[in-house]
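*Asks:* Below you'll find the structure I mean.
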Amino acid sequence: MTEEIEKKIQMLAQIRHDVDDGSYLNPFKAGAHIVFLLSLIDELTEALFKINAALQEKTKNDFNLDPGCK
């Protein structure tokens, strides 16, 4: 696991901990959490589009698949 992914997982754990503690009531901390979560959603969405495109390309060139079967 790369260091970048590890840091993101730690940040998610910190956010969950802060929610349990009520730290999200601090507007500065909440704002930082929201920005982090939105950027993470963007990254995950981009990754899903790339995965979908790769699957589409794979199935387009696979003659063993039934073209009528979705």
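The values are calculated or read from the model by the stated rules, or taken from the named source; none is laboratory data. Just so it is clear, the structure is predicted and the values come from calculations on it, not from any experiment. Backbone-built Cβ (ideal geometry, glycine too); neighbour counts: all protein chains shown.
*Asks:* Pick from Gly22, Gly68: which is modelled with pLDDT under 90 and at positive phi?
*Replies:* None of the others qualify; the one that does is Gly22.
*Asks:* Okay, moving on. For region 20-55, how many residues meet the condition of being part of a helix (DSSP H, G or I), over 19 Å from Lys8 (Cα atoms) and small (Gly, Ala, Ser)?
*Replies:* 2
*Asks:* Right, here's the next one. Can you tell me which residues in region 26-43 are surrounded by 10 or more Cβ atoms within 10 Å (Cβ to Cβ) and over 20 Å from the mean Cα position of the chain (by Cα)?
*Replies:* If the condition is that a residue be surrounded by 10 or more Cβ atoms within 10 Å (Cβ to Cβ) and over 20 Å from the mean Cα position of the chain (by Cα), then Asn26, Lys29 are the ones that fit.
*Asks:* So, in region 13-25, exactly how many residues are surrounded by 12 or more Cβ atoms within 10 Å (Cβ to Cβ) and without any contact (Cβ under 8 Å) to a residue 12 or more places away in the chain?
*Replies:* Final tally of qualifying residues: 4.
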